[in-house]
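Here is the structure we will look at.
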Amino acid sequence: MTKPNLSEYNQKRDFNKSPEPKGGKSAKGTPRFVIQKHDAQNLHFDFRLEMSGVLKSWAVPKGPSTNPKDKRLAIPTEDHPVDYIDFEGVIPEGEYGAGTVMVWDKGTYRNLFDEKEDKKTLEECYDDGKIEVWLEGEKVSGGYALVKTNMGKNWLLIKKKDDKADARRKPAKTENNSVKSGRNLKEIEKEEKNG
Ligand code: MN
């Protein structure tokens, strides 16, 4: 399950039509994460963690919360190539995931299970269905848990209780600009379509 696999990603896309990146290699050093806002058929956020040379990905319909009481549904999606971490643009009509993609938040993370007595790699955590990471993003930071539900397929994204938790902030609703370009979805759509 953890085994990185880009064949589904490649099969779903026609790279002559979509500007999405094809590959990329992980750089050495601190692993990165990205949260992309994706105005597809249904607006959602894509949460991606760099691990095993790919971006392990989940679609989070409501986006991340800073309130530890919220449990945000996170639906696993196909592995994405690491170069996708910087992808912002418009996937054309008729292509898989058609719509506008924004780099909503980006940063580095560390595996919190690396610091526990029962030390586990992130890959082991993924297979166990329980990931805990400390995110260092611009919009979102602190501890987050990703927990596979008993029902099987889906996961939940939950803010951990720490000094970065804040029940009043609602970044997925109120912070609407790209950390890469400063643009909102409409601006990205307009500029990338004409560009
Ligand atoms: Mn998406």
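Comparing K62, K25, K37, which has the greatest mean-square fluctuation in the GNM of the chain with Cα pairs linked when under 10 Å apart?
K25
Over the Cα atoms of the stretch 1-51, how large are the radius of gyration and the largest Cα-Cα distance (Dmax), in Å?
According to the Cα coordinates of the stretch 1-51, Rg and Dmax are 13.0, 36 Å.
List, in order, the whole-Hz ³J(HN,Hα) value for each residue of the stretch 47-60 obtained from phi through the Karplus relation with A = 6.51, B = -1.76, C = 1.60 and θ = phi - 60°; use x for Gly and Pro.
Taking θ as phi minus 60°, the curve returns 9, 10, 10, 6, 7, 6, x, 9, 9, 5, 10, 9, 8, 10 Hz for the stretch 47-60.
Give me the Kirkwood hydrodynamic radius of the chain, using the inverse of the mean 1/r over all pairs of distinct Cα atoms, in Å to one decimal.
That comes to 17.0 Å for the chain.
Per 10 Å bin, what percent of the C-alpha pairs of the stretch 1-112 does each bin hold, from zero upward?
14, 48, 32, 6, 0
Readers should treat all values here as calculations from the given coordinates under stated rules, not as data from a laboratory. This one's a predicted model, so the numbers in the text were calculated from it and none came from an experiment.
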